[in-house]
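Colleague: Could you have a look at this structure, given as structure tokens, before my questions?
The values are calculated or read from the model by the stated rules, or taken from the named source; none is laboratory data. In this text, all values refer to a predicted model and were calculated from it rather than measured experimentally. Cβ atoms come from the backbone with ideal geometry, glycine included; neighbour counts cover every protein chain shown. To get the accessible areas, we keep the full protein, side chains included, count just its heavy atoms, and leave off ligands, DNA and RNA. Shrake-Rupley method; radii C 1.70, N 1.55, O 1.52, S 1.80 Å.
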Amino acid sequence: METDEDDMLLAQLTEEEIAELSRTIDPDNELLPPSQRMPSQTEKEGTGPLDRKHLLDHLKKQAQNSKVGEDYVPFIPKSKPKVEEEQKEEVVKKPKDVFSNEFDDILNELDEEDIAELASELGMHGLLNQAQSRGDPGASLKTKCTPKPTIDYDYDPPQSTDLLEAITSLEDNDPYLTELNLNNHSLITSQHIFQILDALKTNTYLETLSMANVSLDDRHTSSLAEALRENEMLKSLNLESNRLTITGLKAVIKALADNSSLKEIRLANQIARGGHRVEADIAKMLENNTTLLKFGYAFTSNGPRFQVEKFLMRNTDMGKNMES
């Protein structure tokens, strides 16, 4: 019904009115291209293809010739003149006299005790020390400042262990070699590390081995894991500050399940750190070890940390029960 009424209304319009109506009404149909939604309202003829340089020059010329506001100043291209700054005389203000000249002579005649008493009466406690504030006799205005004594820290001496002699003793299963410290050794190479790990497999006297910061990496983890499975005497192992990745770290910890002598191992500060999932895997691997009492590793998640602490406490209780 509405369509018929619209047709009747449109039939009564002239051509000029229909053209004006088509210019003002937009069908608002997203499926139609813009050229069909509304007819072109441009009455001027085309000037040809776009010339960008010509357009920019025209806009620049129009902007320079346009007058905006009453304070219009025409644009004149010129360089900015240099302005020489005048040197300003520094005005030195003299401090005001706190006391007038008539009190100078009186203050010069007072000794330290009189000045301290006067400062206390005037409430100038910043000039007094604790002894003067308490009124102790003989307290002086001059405070004694004693510097703190310097502390001499005991730094680790340079590594002096004879590397070749230590490896030879380890390979010969020397009964007097129960502790070997190779931390920060500057002469140790990858081949030396392989020799130490191979000798560790059959050694029956070494109890403590420290190899921190010796560039031990994933290439050595296979030999290290095999040494941990076969060695039955080593009780403490320090491998901090080396270059183990997550894969190498897991390989070492997995070998602890077959070790029954190690009480302490330190693996902190490696080249790569894992997130919660890696730390959870580490904690799960340590569940099968029943002799480890100390595990040196910087956990970032509380869950795996608490789980490892529970396993270490379990091992401690088991050791106490076996001793009793």
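Colleague: Take the residues in segment 268-292 that are over 29 Å from the mean Cα position of the chain (by Cα) and of a type in the set (V, I, T); name whichever of them is least open to solvent (accessible area, probe 1.4 Å).
Modeller: T291
Colleague: Same structure again: Could you please find all residues in segment 164-185 being part of a helix (DSSP H, G or I) and open to solvent by 60 Å² or more (accessible area, probe 1.4 Å)?
Modeller: Once the filter is applied, which keeps residues that are part of a helix (DSSP H, G or I) and open to solvent by 60 Å² or more (accessible area, probe 1.4 Å), segment 164-185 yields L164, E165, T168, E171.
Colleague: Sticking with this one: Just to verify a result, which residue in segment 293-324, among those that are open to solvent by less than 70 Å² (accessible area, probe 1.4 Å) and among the small types (G, A, S), is nearest to N259 (Cα to Cα)?
Modeller: Step by step, filter segment 293-324, then rank; the result is G319.
Colleague: Give just the number: which of (1) buried (at least 17 other Cβ atoms within 10 Å of the Cβ); (2) out of contact with any strand residue (DSSP E or B) (no Cβ under 9 Å at 6 or more places or on another chain); (3) among the polar types (S, T, N, Q) does S261 not satisfy?
Modeller: For S261, the failing item is (1).
Colleague: If you don't mind, there's one more thing I want to ask. Name the single residue that is farthest from L286 (Cα to Cα) among those in segment 245-263 being outside any helix (DSSP H, G or I) and of a type in the set (G, A, S).
Modeller: S261
Colleague: How many of the residues in segment 257-273 are of a type in the set (V, I, T) and modelled with pLDDT of 95 or more?
Modeller: Here the count works out to 1.
Colleague: Cβ-Cβ under 7 Å, sequence separation 6+ or interchain: first residue in segment 35-51 and within 23 Å of S22 (Cα to Cα), partner open to solvent by 100 Å² or more (accessible area, probe 1.4 Å). Which pairs?
Modeller: Partner pairs satisfying both residue conditions: P39/R23; Q41/R23.
Colleague: Here are A268, A272, A227: which of them is assigned to a helix (DSSP H, G or I) and touching a residue at least 24 places away in the same chain (Cβ under 8 Å)?
Modeller: Result of the check over A268, A272, A227: A227.
Colleague: Which of (1) within 20 Å of N183 (Cα to Cα); (2) in contact with a helix residue (DSSP H, G or I) (Cβ under 7 Å, 6 or more places away or on another chain); (3) assigned to a loop (DSSP other than H, G, I, E, B); (4) open to solvent by 10 Å² or more (accessible area, probe 1.4 Å) is the odd one out, the single condition T221 does not satisfy?
Modeller: If we test T221 against (1) within 20 Å of N183 (Cα to Cα); (2) in contact with a helix residue (DSSP H, G or I) (Cβ under 7 Å, 6 or more places away or on another chain); (3) assigned to a loop (DSSP other than H, G, I, E, B); (4) open to solvent by 10 Å² or more (accessible area, probe 1.4 Å), just (3) comes out false.
Colleague: I would also like to ask the following. I need every pair where a residue in segment 210-221 that is at positive phi has its Cβ under 9 Å from the Cβ of a residue that is outside any helix (DSSP H, G or I) and not polar (S, T, N, Q), sequence separation at least 6 or different chains.
Modeller: Between residues of segment 210-221 that are at positive phi and residues that are outside any helix (DSSP H, G or I) and not polar (S, T, N, Q), the close pairs are N213/H185; N213/E240; S215/I188; S215/R243.
Colleague: I'm trying to understand the selection: among the residues of segment 31-58, which are loosely packed, with under 10 Cβ neighbours inside 10 Å, in a loop (DSSP other than H, G, I, E, B) and within 60 Å of the chain's Cα centre (by Cα)?
Modeller: L31, P33, P49, L50
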